[in-house]
Amino acid sequence: MKKCFIYSIALGFIWCFVSGNISPGNFLIGTILGYLLLRPLRVLYDFEARDSLVVRLQQIPKQIKYFSKLIVEIIKASIAVAKIIIQPNIDIKPGIISVPISAKTNVGITAIANTITLTPGTLTIDVSDDRSTLYVHCIDIDDSDKVRDSIREELEEYVLEAFE
């Protein structure tokens, strides 16, 4: 509960800066809205976890590395999709593949699924009931093992490092 309140205060500050009105009343509104936003998300993020500030600060370089890798992957995938679109005869083999994942937390699974979806040409469709497999639609699958390995080695590794 204490962490949820602290995050609400941080969202209150963000609200002030985004709205362009830095005042006590606006801060209070932002804090209340932040708390109301965080309440339903309690099941996704464990506010009762005993993570120290040092652990959180140590994750920042890993998260920067993840976001850098994500940007590179988005650019590479965008170029690949653009090549497919520009071709006079579109010869693609769309399909759905299953990708086993190592993430165990809700945040890790959500981060991997969203990372896949943000990458052009791929879309996370579902998570298995046991939360060990993602089902991913790909615009072009020449070799499903290659695509699966690419997701596991190039994306999941960075997500696990940054968020779990």
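Tabulated values for the structure
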| item | result |
| --- | --- |
| Pair list, Cβ under 6 Å, 6 or more apart: region 137-164 residue surrounded by fewer than 17 Cβ atoms within 10 Å (Cβ to Cβ), other residue part of a helix (DSSP H, G or I) | 161/62; 164/108 |
| Candidates 164, 157, filtered to the one that is touching a helix residue (DSSP H, G or I) at 6+ places or on another chain (Cβ under 6 Å) and closer than 28 Å to residue 42 by Cα | 164 |
| Any hit, region 125-132, residues being surrounded by 16 or more Cβ atoms within 10 Å (Cβ to Cβ), hydroxyl-bearing (Ser, Thr, Tyr) and either assigned to a loop (DSSP other than H, G, I, E, B) or touching a residue at least 40 places away in the same chain (Cβ under 8 Å) (or both) | no |
| Lone qualifier among 107, 147 - being assigned to a helix (DSSP H, G or I), farther than 30 Å from residue 9 by Cβ and not assigned by TED's automatic domain parsing to the domain that holds residue 8 | 147 |
| Failed item, numbered, when residue 141 is tested on (1) closer than 20 Å to residue 72 by Cα; (2) more than 18 Å from the chain's Cα centre (by Cα) | (1) |
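The values are calculated or read from the model by the stated rules, or taken from the named source; none is laboratory data. Quick caveat: nothing in here was measured; it's all calculated off a predicted structure. For neighbour counting, all protein chains shown are included, and Cβ atoms are generated from backbone atoms with ideal geometry for every residue, glycine included.
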